Amino acid sequence: METLVSLWARASRAVSPRLSGLQLEALLITRRSPGINLTGLAVEVGAALPAVSRLCDRLEAAGLLCREPAPTSRREIGLTLTQQGTDIIDALLSRRSQLFGDVLSRMPTAARRHLLASLQEFSAAARERHLNSSEQA
């Protein structure tokens, strides 16, 4: 697990400008869910709404995120990535793929299959825990 986290962090350090883990997470969530509102983002990152609002202020000031009126409600504000934000996330994902692909290419095929199956189970368990904790909140 330590090696996995180290590779993940190395890919993140290659991104310019350098962003915190929370900032990267907010950008990744916004990319996955364009138009997400502040409340939805706060739930996703597990932070208080005022903290997420300040986080978005910083990302917006850096030119990575923009706030736009939601198409379904004039009162609601949706978050989207700017082109610069998209470029940074694309570079991050590309670097992660490159680093992980290099490691995976040195593993035997059977080991890669086993790893994939294990990671799928891990992801399912994590999603289930996230859903259960969201329902209890």
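The values are calculated or read from the model by the stated rules, or taken from the named source; none is laboratory data. Predicted model, so just to flag it, every value in this text is computed and none were measured. Counting neighbours? That spans all protein chains shown, and the Cβs are built from the backbone with ideal geometry, glycine included. Ligands, DNA and RNA are excluded from the accessible area calculation, which covers all protein heavy atoms including side chains. Shrake-Rupley method; radii C 1.70, N 1.55, O 1.52, S 1.80 Å.
Only one of ALA91, ALA26, ALA70, ALA11 is under 27 Å from ARG129 (Cβ atoms) and either at pLDDT below 95 or among the β-branched types (Val, Ile, Thr) (or both); which? Steps first, answer last, please.
Details: ALA91 fails: under 27 Å from ARG129 (Cβ atoms); ALA26 fails: either at pLDDT below 95 or among the β-branched types (Val, Ile, Thr) (or both); ALA70 fails: under 27 Å from ARG129 (Cβ atoms).
Within the list ALA91, ALA26, ALA70, ALA11, the selection yields ALA11.
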Region 42-75, residues that are touching a Ser or Thr at 6+ places or on another chain (Cβ under 8 Å) and either over 16 Å from ARG32 (Cα atoms) or hydroxyl-bearing (Ser, Thr, Tyr) (or both): LEU49, GLY63, GLU68
statement: The number of residues in region 76-86 that are within 14 Å of SER33 (Cα to Cα) and over 18 Å from the mean Cα position of the chain (by Cα) is 1
field: Lone qualifier among PRO34, PRO71 - being open to solvent by 30 Å² or more (accessible area, probe 1.4 Å), closer than 25 Å to ARG127 by Cβ and not aliphatic (A, V, I, L, M)
entry: PRO34
field: Pairs where the first residue, in region 92-114, is closer than 26 Å to GLN23 by Cβ and the second is open to solvent by 60 Å² or more (accessible area, probe 1.4 Å) and not in a helix (DSSP H, G or I), C-beta under 8 Å, 6+ apart
entry: LEU92/ALA14; ARG95/ALA14
message: Quick check on my filter: what residues within region 52-67 are open to solvent by 40 Å² or more (accessible area, probe 1.4 Å) and either part of a helix (DSSP H, G or I) or free of Cβ contacts under 8 Å to residues at least 24 places away in the same chain (or both)?
response: ARG54, ASP57, ARG58, GLU60, ALA61, ARG67
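If I go through region 4-50 residue by residue, how many of them are part of a helix (DSSP H, G or I) and without any contact (Cβ under 8 Å) to a residue 24 or more places away in the chain? Break it down stepwise before answering.
Pass one, region 4-50, residues part of a helix (DSSP H, G or I): 4-13, 21-32, 38-45, 49-50.
Adding the requirement that they be without any contact (Cβ under 8 Å) to a residue 24 or more places away in the chain leaves 4-6, 9, 13, 21, 25, 29, 32, 39-40, 42, 44-45, 49-50.
Residues in region 4-50 being part of a helix (DSSP H, G or I) and without any contact (Cβ under 8 Å) to a residue 24 or more places away in the chain: 16 in total.
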message: So if I check each of ALA11, ALA42, which one is over 20 Å from ASP90 (Cα atoms), within 15 Å of the chain's Cα centre (by Cα) and open to solvent by less than 40 Å² (accessible area, probe 1.4 Å)?
response: ALA42
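Quick one: which residue in ARG112, ARG95, ARG127 is part of a helix (DSSP H, G or I), of a type in the set (Lys, Arg), out of contact with any Ser or Thr (no Cβ under 7 Å at 6 or more places or on another chain) and closer than 24 Å to VAL15 by Cα?
Values: ARG112 fails: closer than 24 Å to VAL15 by Cα; ARG127 fails: closer than 24 Å to VAL15 by Cα.
Exactly one of ARG112, ARG95, ARG127 is part of a helix (DSSP H, G or I), of a type in the set (Lys, Arg), out of contact with any Ser or Thr (no Cβ under 7 Å at 6 or more places or on another chain) and closer than 24 Å to VAL15 by Cα, namely ARG95.
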query: Looking at LEU92, LEU119, LEU104, which one is more than 17 Å from the chain's Cα centre (by Cα), open to solvent by less than 70 Å² (accessible area, probe 1.4 Å) and within 21 Å of THR3 (Cα to Cα)?
result: LEU104
